[in-house]
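Note sheet for the following structure.
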Amino acid sequence: MAGSDDFLVHVTAQDIDHLHAFLLDQFTNRREIVSFRTSIIYQHLTNPVLDPLPPETEHL
C-alpha cells in the first residue's frame, strides 16, 4: 500500500453503533495503533458491462 495508511481492515457490521463498538473494543486498547480512520460505504454498485468508447474524430 502507498500513502499514510499502514494497513486496511475490511469489516461488516450490523449498524454504525456496532461498528463504533468494534473499533473501540479492538483498536483503542492496542499500544501499536496510534490512530485510525473509518470510511463507510453505504451502497456498492457494479456494472460489469462497460459502455463502448465513442469513435475518435480526426483533427486536421
Find all pairs meeting these conditions: Cβ atoms under 7 angstrom apart; at least six residues apart or on different chains; first residue within segment 33-56 and within 30 Å of Ile16 (Cβ to Cβ) and part of a loop (DSSP other than H, G, I, E, B); second residue open to solvent by less than 100 Å² (accessible area, probe 1.4 Å) and of a type in the set (Phe, Trp, Tyr). Ile33/Phe27; Phe36/Phe27
For the subset of segment 29-60 comprising residues that are of a type in the set (Val, Ile, Thr) and over 17 Å from His10 (Cα atoms), which member is modelled with the lowest pLDDT? Thr57
Which one is most open to solvent (accessible area, probe 1.4 Å), of the residues in the chain that are in contact with a helix residue (DSSP H, G or I) (Cβ under 6 Å, 6 or more places away or on another chain) and aliphatic (A, V, I, L, M)? Ala13
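The values are calculated or read from the model by the stated rules, or taken from the named source; none is laboratory data. In this text, all values refer to a predicted model and were calculated from it rather than measured experimentally. Virtual Cβ from ideal backbone geometry, glycine too; neighbours counted across all protein chains shown. When the accessible area is computed, the model is the full protein with side chains, heavy atoms only, and any ligands, DNA or RNA have been set aside. Shrake-Rupley method; radii C 1.70, N 1.55, O 1.52, S 1.80 Å.
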